[in-house]
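Peer 1: The following block contains the structure, expressed as structure tokens.
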Amino acid sequence: MFFEPHKRDKSLLPHDPFKALIVPRPIGWVSTMNQQGQVNLAPYSFFNAFSTEPPLVGFCSEGAKDSLTFAKDGGEFVWNMANWDLRDQMSLTSAPLPRGESEFIHAGLSTAP
């Protein structure tokens, strides 16, 4: 089967089936901080480990979301794996909060250095 995601009929396939190729699709948390000290925490399912020497982890952001802009500004990000017990907090961190409002506080989570 040959499929071009960008040419799909969105009335038949409103969600891109390409994103369902990897299942189950784990969700990780990406935490970032910009140079002004603002923090961001967001769930991402488009992430992976790419190398062990050196150890490389990456994530994909569709658009210039806070995670991407903060990672570029601060020069780093932290990838976190949430377990089943943190599922409700992870869901809360996907809320479209205004820039500068902390997802950590919104979800009742603590930060670590």
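The values are calculated or read from the model by the stated rules, or taken from the named source; none is laboratory data. These numbers were taken from a predicted model, which means no experiment stands behind them. In case anyone asks, the SASA skips ligands and DNA or RNA and just uses the protein heavy atoms, side chains included. Shrake-Rupley method; radii C 1.70, N 1.55, O 1.52, S 1.80 Å.
Peer 1: Please work out the average accessible area per residue across the chain, using the 1.4 Å probe convention, and give it in Å². Show your work: numbers first, answer last.
Peer 2: Details: 8260 Å² over 113 residues.
Heavy-atom SASA per residue in the chain reads 73 Å².
Peer 1: Need the C-alpha centroid separation for the stretch 63-113 versus the stretch 39-60, integer Å.
Peer 2: Centre-to-centre distance over Cα atoms comes out at 14 Å.
Peer 1: Let me ask something additional. Largest first, what is the accessible-area ranking of 22, 105 with a 1.4 Å probe?
Peer 2: Highest to lowest solvent-accessible surface, that is 105, 22.
Peer 1: Please turn the phi angles of the stretch 16-33 into ³J(HN,Hα) values with the Karplus equation 6.51 cos²θ - 1.76 cosθ + 1.60 (θ = phi - 60°), one per residue in order, whole Hz, x for glycine and proline.
Peer 2: Result, rounded to whole Hz: 5, x, 4, 5, 9, 5, 9, 9, x, 9, x, 10, x, 9, 10, 10, 9, 9.
Peer 1: Turning to a different aspect of this structure: Got a number for carbon plus sulfur as a percent of the chain's accessible area, 1.4 Å probe?
Peer 2: Reported share for carbon and sulfur atoms: 59 percent.
Peer 1: Taking only C-alpha pairs under 8 Å that are 6+ residues apart, what is the relative contact order of the chain in percent?
Peer 2: 25 percent
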